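Below is one structure, written out as structure tokens; the observations come after it.
Quick note: the coordinates plus some simple rules give every number you see, no bench work behind them. Since the structure is predicted, the reported quantities are computational estimates derived from the model, not experimental observations. Counting neighbours? That spans all protein chains shown, and the Cβs are built from the backbone with ideal geometry, glycine included.
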């Protein structure tokens with residue numbers, strides 16, 4: 001007879017005794033509860049991912065606009081790069097020439113000149129017909145003066161010197177205004193409380209030094225006047241500075257927040273690839289909406305500018321020049337979204353995606369075998385690339401994405417270049433993996449290995 005095991009608590013260090021087996025009904029109830037819990041979990045993930053997706057799509061165009069405004073306000077080089085083409089645009093040059101010509105001619109009293117000429121002819125004893133004919137010279141004289149002034153002004157406006165002055169003036173003005181609004185006290189234009197002051201100390205010192213260099217030695221003893229001149233005082237200055245600080249924060253962090261929300265939406269979704277496809281497609285649609293909104297805003301702007309203030313073609317050139325970088329950003333993000341959506345689709349189970357992957361694998365395989373037959377045998381390195389194909393693909397794609405993130409103001413051409421490099425590298429890695437040849441024999445104990 002077998003001995004009866006001693007009763008008492010189980011040994012803490014031993015194996016726990018299995019519980020009683022579940023009956024069929026209990027097993028069915030357990031599976032039902034587990035499926036319900038899994039369903040609730042997946043449903044909550046779908047809801048969370050959907051909310052994150054909506055926030056991403058709402059913030060995407062706002063982030064692009066905020067980043068563009070931030071670059072125009074805080075990046076003097078980018079602002080100058082924006083306005084520089086205006087000085088070389090023929091339409092704008094003609095508008096400026098017409099405006100300046102009108103201003104100059106209006107300051108010339110052609111009627112008085114004609115009257116003086118008529119009086120001088122009469123005093124000189126000119127024949128009455130000549131004196132009478134001089135009174136009708138106002139129109140031709142005005143036309144001649146206008147032509148001379150227009151040629152002179154146009155020569156200046158179309159010169160390289162004007163373009164250089166335009167760029168330098170915009171650079172200095174932008175730096176001064178940004179420094180003043182951001183609270184910088186090192187520039188010539190400074191904000192103190194609700195007062196804007198101009199520091200002329202540097203100018204005074206330079207004038208005194210030039211006088212000394214010209215031989216006026218006593219100029220160095222000229223007393224220094226008040227170095228600051230009050231330009232204007234306004235209660236709105238503090239509000240403007242606060243708005244600039246807020247813009248600085250929003251312009252930097254809103255794009256970051258949009259990217260984080262998009263990544264969180266993809267991560268939270270049960271089907272990551274499908275959510276990546278949806279997110280990329282949605283961002284692409286929002287970029288199209290932004291481009292359409294810019295077109296509508298352009299038409300509204302052109303309709304609001306009276307022809308007497310600015311000709312329609314010049315107004316269109318000014319608008320297109322100022323928003324061209326915003327358009328470029330929207331188009332670049334649209335291209336990136338399309339590429340991302342296409343990549344997500346090609347990694348999916350669709351018939352077209354499978355066909356593309358099969359065709360690509362056949363092409364890399366044929367190329368790799370041709371290289372192997374030609375004497376290029378990658379061996380162990382090729383086998384490693386083949387085994388870690390998913391990791392190498394992810395690293396290459398991640399490097400391409402990081403390049404675009406770190407690139408300063410990427411364009412569609414930059415995106416195309418990075419995409420081409422990524423595809424070439426992926427193709428090269430696949431070819432090297434397929435050129436490895438047959439698997440090497442095991443290191444020890446394997447079949448086919450001679451044992452001494």
Between the range 297-320 and the range 37-71, the Cα center-to-center distance that results, in Å: 36
Hydrodynamic radius of the range 351-434 per Kirkwood, over alpha carbon pairs, in Å: 14.1
Simple spin-label estimate for residue 404 and residue 159 in nanometres, 7 Å along Cα-Cβ: 4.7
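How do the peptides 38-45, 160-167 rank, highest first, by the average count of neighbouring beta carbon atoms within 10 Å per residue? Walk me through the numbers before you get to the answer.
Values: 38-45: 11.5, 160-167: 13.2.
Per-residue Cβ counts within 10 Å, averaged per peptide and sorted highest first, yield 160-167, 38-45.
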